[in-house]
Amino acid sequence: MTADIKVIRAGQMCRYYLRETVVGDGRRPAPRALLEAQEQAGVPTGRWMGRGLAAAGLMRGQEVTESQLRNLFGERGGHPYADQIEADRLAKGHVPLGGVVTAAVSLPVAG
């Protein structure tokens, strides 16, 4: 039996997980789609499991997407559907979460 030890620095967890762990501890080239890499490595796709899925809008057995993994394990550690939640908020005219809103005001100048 052999084991590899890797140093994972802050902010690299998501990259390591998506490039190596989810493809059976292999090495996934960055441009290759996750499902394609998993199929080539003979690794089954991830499926959501657990008791709290309904609270997150997920269903037991539902396939885990790369986007969901990036949201969950990325720098911000967000909701698996964070991209969709943010898009829905913006479509309703809400302020971007975590962003700064700037505005320019034009006033007539008397000359």
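Which pairs turn up if I take residues in the range 31-46 that are more than 20 Å from Leu72 (Cβ to Cβ) and of a type in the set (Phe, Trp, Tyr) and look for partners that are part of a helix (DSSP H, G or I) and modelled with pLDDT under 85 with beta carbon separation below 6 Å, at least 6 apart in sequence or on another chain?
none
Looking for whichever is more than 17 Å from Tyr17 (Cα to Cα) and out of contact with any helix residue (DSSP H, G or I) (no Cβ under 7 Å at 6 or more places or on another chain) here; the options are Ala33, Ala55, Ala82. Which one fits? Write out each step before concluding.
Values: Ala33 fails: more than 17 Å from Tyr17 (Cα to Cα); Ala82 fails: out of contact with any helix residue (DSSP H, G or I) (no Cβ under 7 Å at 6 or more places or on another chain).
None of the others qualify; the one that does is Ala55.
The values are calculated or read from the model by the stated rules, or taken from the named source; none is laboratory data. Since this is a predicted model, take the numbers as computed values, not measurements. FYI the Cβ positions are ideal-geometry reconstructions off the backbone, even for glycines, and counts take in every protein chain you see.
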